[in-house]
Amino acid sequence: MVQVNVLNLVRHFFQLFENVPQVVQLKNEPFFITETPTLEWAIVSCEALPDTLNKTVLEQRSIFNTYIQKFMSNERRVRRRVLVEALYDIIVLNLVAKEPILRRTVDVTETRRGRQQQLCVNFGTKGIRISSITRDQRHPQMGMCPSW
């Protein structure tokens, strides 16, 4: 048995990552070893929600709150994924379904690097990419892929 965390996902599926040395630079961040996916079934968006694209993290959160109210849910059921959950989903879908997700958009995860940066992930032409952004940054491909 191997604990599912960012370290072990990179270690066992390094061939799926675009730049392993860049990911390893995150090894001193608390989430790198301690963050684990929740053990429950979830439906996950394969690309970022269109309404959340090109929005800041706070704007995405506001749109997300409207989204969950529309479907009469709450934040405990529908939420932003943490980095390890997004990585796990990308790897499993790539290996099992041979269908990479997050090809066209970037998922801004709940995981933070330090106090001011959010980690985001996508599957680029050369593999999985992880990067960090400031909370007030926006980009046309960057949004939120909730799980519910």
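The trypsin sites (Lys or Arg not before Pro) found in the range 62-119 that occupy coil by DSSP, while having at most 13 further C-beta atoms within 10 Å, are Arg76, Arg77, Lys98, Arg103, Arg104, Arg115.
What is the percent of Cα-Cα separations in the range 1-99 that go past 23 Å? Across the range 1-99, Cα pairs with separations above 23 Å total 38 percent.
Charging the Cβ of each Asp and Glu at -1 and of each Lys and Arg at +1, and nothing else, the dipole of the chain about its Cα centre rounds to 200 debye.
Between helix 57-70 and the chain, what is the angle of the helix's C-alpha long axis to the longest principal axis, kept within 0 to 90° and rounded to the nearest 10? Approximately 60 degrees, to the nearest ten. Between Ile91, Ile43, Ile33, find the one with the highest GNM mean-square fluctuation for the chain; connect C-alpha pairs within less than 10 Å. Maximum fluctuation in the GNM of the chain, among the listed residues, is at Ile43. Projecting the Cα positions of Val78, Cys145, Ser131 onto the charge dipole of the chain (unit charges on Cβ atoms of Lys, Arg, Asp and Glu, taken about the Cα centre) puts Ser131 furthest along the positive direction. When the chain is treated as a GNM with alpha-carbon contacts under 10 Å, the residue of Val78, Val24, Val108 showing the greatest mean-square fluctuation is Val24. Counting only protein heavy atoms and a probe of 1.4 Å, the accessible surface of the chain is 54% carbon and sulfur. When a/c reaches 1.5 or more, the comparison of a/b and b/c decides; with that in mind, is the range 60-111 rounded, prolate or oblate per its Cα gyration tensor? It is prolate, given that a/c is not under 1.5 and a/b is the larger ratio. Helix 83-96 and the longest principal axis of the C-alpha atoms of the chain enclose an angle of approximately 70°.
Under a Gaussian network description of the chain, with springs only between Cα atoms under 10 Å, the residue in Thr52, Thr134, Thr105 that fluctuates furthest is Thr134. Accessible surface for the range 71-148, divided over its residues, is 53 Å² per residue with a 1.4 Å probe. Calculated [222 nm] ellipticity per residue, helices only, for the chain: -8500 deg cm²/dmol; basis is -39500 (n - 2.57) per DSSP H run with n ≥ 4, divided by all residues, nearest 500.
The values are calculated or read from the model by the stated rules, or taken from the named source; none is laboratory data. Because the structure is a prediction, the values reported are computed rather than measured. Quick reminder, even Gly has a Cβ in these numbers, built from the backbone with ideal geometry, and neighbours come from all protein chains shown. Ligands, DNA and RNA are excluded from the accessible area calculation, which covers all protein heavy atoms including side chains. Shrake-Rupley method; radii C 1.70, N 1.55, O 1.52, S 1.80 Å.
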